[in-house]
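The values are calculated or read from the model by the stated rules, or taken from the named source; none is laboratory data. No experiment lies behind these values; they were computed from the predicted model shown. Note that we place each Cβ from the backbone using ideal geometry, even for glycine, and neighbour counts take in every protein chain shown.
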Amino acid sequence: MLANNRKIVVIGAQTAGLGAAASARKIDRRASVSVLEQSIYTSSSPCGLPYFIGGEIQDIRDLTFAEPKVIRDKMGIDLRLRHKVTSIDPGRKSLVCMDLDADREYELGYDKLVLATGASPKLPPVEGVQAEGVFTLRNIGNATRIKEYIQRRSPSRAVVVGAGYIGIEMAEALVRLGLRVVMVEMLQTILVSLDSDMAAVVQHHLEENGVEILTGSPLEKITCDAGGQVNGVLAGGQSIEAGVVILALGVSPNVKLARSAGIETGEFGAVVVDEHQRTSAPDVFAAGDCCLARNIVTGVETYAPLATVAEKQGKVAGENAAGADSRFAGILGTSISGAFGLVFGSTGLTLEAAKDRGLKAAGQAFMGHSHASYYPGAKPLRLKVVFDPATGRLLGAQAVGQEGVVARLDAFVAAIHGGLSVKDLAQLDLPYSPPFGSSWDAVHVVAMMAQRRVR
């Protein structure tokens, strides 16, 4: 039987934090559940921010999880905005907190603590990152400032630094706003979540739609005028004019609190957790972008700052903080995005990543169609599977196309979770009707092609 009146405290009111608090409340209706957030923002959908900037989403409030009043009154959660936790004492089960508006320090005890401190955008170690017109994109405040800046300044040229999902989505948004966009990437290819052959398809599509892409071009400097206003960048030895610069270089976990409390951190600097989301400190859990997650394919702890991961980890951490015995199954790093009508995504390991980890792996690509090729409107669909050539075990998959990408990735995700081989994949009973698929789906065909290569 669960204990009554336990005191659960969550640090962070974003995706993992509010998810943990809501899940704890569902498990234990009598517990005291408090959430401390140092900013003025509660959980929102950061994945939707580029679409707000680009104009597809008109009202930024549509991206929020719930209004503070709803969280407090209807969910029964003690939400404290602009309250910063400055230290954790796991031995005393106590926090030192600061009410930033009242400029008042106070202590807060807990029975169970959930760390959901999130992550912060990476800033390049170059001159000019603080210039006016240079932005990162992480929260509603960032998105609002970018949109207001563009409306006020009307820049004609933009530079996006980083060619991952956020960088590409921002490039599309800026093009749609009428800006000329140059994307600079230090690596030789865009989208590390795809193998280079698949990423090349996406790059060609972006370039066809007006995005100039410079790979192998590390950012060296951001330049500005005498008034501190950005006017360009130096990347790969090339000067590029810009009236606005978006830094999309990924994130780093916020672990200062955890480290100062002696909580173990691991690779990528993120907090180490077990399958219950427990940290090395008693009665302290962690979830979301501040902690690691186990990769289902490799069994190795990795860092995957994705909203879907944060939501699941937050649910597990909150339930267990309330006395349950929930487990997080692990991740595949499944992700998807799109730009200018082209959709691209992946799950599991790329071929390049598998080989980097010393795994025996092979890749098989196939160009099929989104549905029966004879039915009007069929679109090209490129799939790639990564597999163990000795056993046929499926290790990863990628998809690029205008239609049908999500459905195929869903099939691949389920197959990898289930430990299926490419032989098993080729025999899946997938749905078929000419407007929606093929009797031999592209998933079947690429799997059969891979099966012939299994030794």
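Pull up the stretch 7-43, narrow it to residues that are closer than 30 Å to LEU177 by Cα and either crowded, with 24+ Cβ neighbours inside 10 Å or more than 22 Å from the chain's Cα centre (by Cα) (or both), then point me to the one that is modelled with the lowest pLDDT.
Looking at the filtered set, the residue picked out is SER43.
Kindly evaluate GLU403 against the criterion of being surrounded by fewer than 20 Cβ atoms within 10 Å (Cβ to Cβ) and closer than 19 Å to ALA199 by Cβ.
no
For the subset of the stretch 406-444 comprising residues that are among the β-branched types (Val, Ile, Thr) and touching a Gly at 6+ places or on another chain (Cβ under 6 Å), which member is surrounded by the most Cβ atoms within 10 Å (Cβ to Cβ)? Spell out the reasoning first.
Kept after step one, since they are among the β-branched types (Val, Ile, Thr), are these residues of the stretch 406-444: 406, 413, 416, 422, 443.
Retained after the next criterion (residues that are touching a Gly at 6+ places or on another chain (Cβ under 6 Å)): 416, 422.
Working: ILE416: 24, VAL422: 28.
Only one residue fits best here, namely VAL422.
For every residue, the table says whether it meets (1) closer than 30 Å to ALA20 by Cβ; (2) buried (at least 18 other Cβ atoms within 10 Å of the Cβ); (3) among the hydrophobic types (A, V, I, L, M, F, W, C).
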site	(1), (2), (3)
GLY210	no, no, no
VAL230	no, yes, yes
SER239	no, no, no
ALA258	yes, yes, yes
ASP289	yes, yes, no
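Considering only the stretch 49-105, state which residues are surrounded by fewer than 16 Cβ atoms within 10 Å (Cβ to Cβ) and either under 21 Å from the mean Cα position of the chain (by Cα) or not assigned by TED's automatic domain parsing to the domain that holds ASP283 (or both).
Once the filter is applied, which keeps residues that are surrounded by fewer than 16 Cβ atoms within 10 Å (Cβ to Cβ) and either under 21 Å from the mean Cα position of the chain (by Cα) or not assigned by TED's automatic domain parsing to the domain that holds ASP283 (or both), the stretch 49-105 yields GLU56, ARG61, ASP62.
Of the residues in the stretch 31-49, how many are farther than 26 Å from ASP99 by Cβ and either part of a loop (DSSP other than H, G, I, E, B) or touching a Leu at 6+ places or on another chain (Cβ under 7 Å) (or both)?
3
Just a yes or no: is a residue in the stretch 378-396 over 23 Å from ARG453 (Cα atoms) and in contact (Cβ under 8 Å) with a residue 12 or more places away in the chain?
Checked the stretch 378-396: at least one residue is over 23 Å from ARG453 (Cα atoms) and in contact (Cβ under 8 Å) with a residue 12 or more places away in the chain.
Scan the stretch 398-426 for residues that are part of a loop (DSSP other than H, G, I, E, B) and touching a residue at least 60 places away in the same chain (Cβ under 8 Å) and jot them down.
Matches in the stretch 398-426: GLN402, GLU403.
Could you check, for the stretch 250-268, whether at least one of its residues is among the β-branched types (Val, Ile, Thr), in a loop (DSSP other than H, G, I, E, B) and touching an Asp or Glu at 6+ places or on another chain (Cβ under 9 Å)?
Checked against the condition, which is being among the β-branched types (Val, Ile, Thr), in a loop (DSSP other than H, G, I, E, B) and touching an Asp or Glu at 6+ places or on another chain (Cβ under 9 Å), the stretch 250-268 yields no hits at all.
Among the residues of the stretch 83-108, how many are over 22 Å from ARG259 (Cα atoms) and part of a loop (DSSP other than H, G, I, E, B)?
4
Out of everything in the stretch 332-358 that is in a loop (DSSP other than H, G, I, E, B) and touching a residue at least 40 places away in the same chain (Cβ under 8 Å), what residue ends up being farthest from PHE412 (Cα to Cα)?
PHE340
Can you go through ILE240, ILE263 and tell me which one is closer than 21 Å to GLY164 by Cβ, at pLDDT 95 or above and more than 17 Å from the chain's Cα centre (by Cα)?
Matching residue, one of ILE240, ILE263: ILE240.
Do we find that ARG452 is touching a residue at least 24 places away in the same chain (Cβ under 8 Å) and charged (D, E, K, R) in this structure? Even if it seems obvious, please write down each step before you answer.
On the way: touching a residue at least 24 places away in the same chain (Cβ under 8 Å): no; charged (D, E, K, R): yes.
Against the criterion (touching a residue at least 24 places away in the same chain (Cβ under 8 Å) and charged (D, E, K, R)), ARG452 does not qualify.
Here are some conditions: (1) in a helix (DSSP H, G or I); (2) under 22 Å from PHE412 (Cβ atoms). GLY314 meets all but one. Which one does it not meet?
(2)
Just to be sure, is MET367 part of a helix (DSSP H, G or I), more than 26 Å from GLY167 (Cα to Cα) and hydrophobic (A, V, I, L, M, F, W, C)?
When the stated conditions are applied, MET367 does not pass them.
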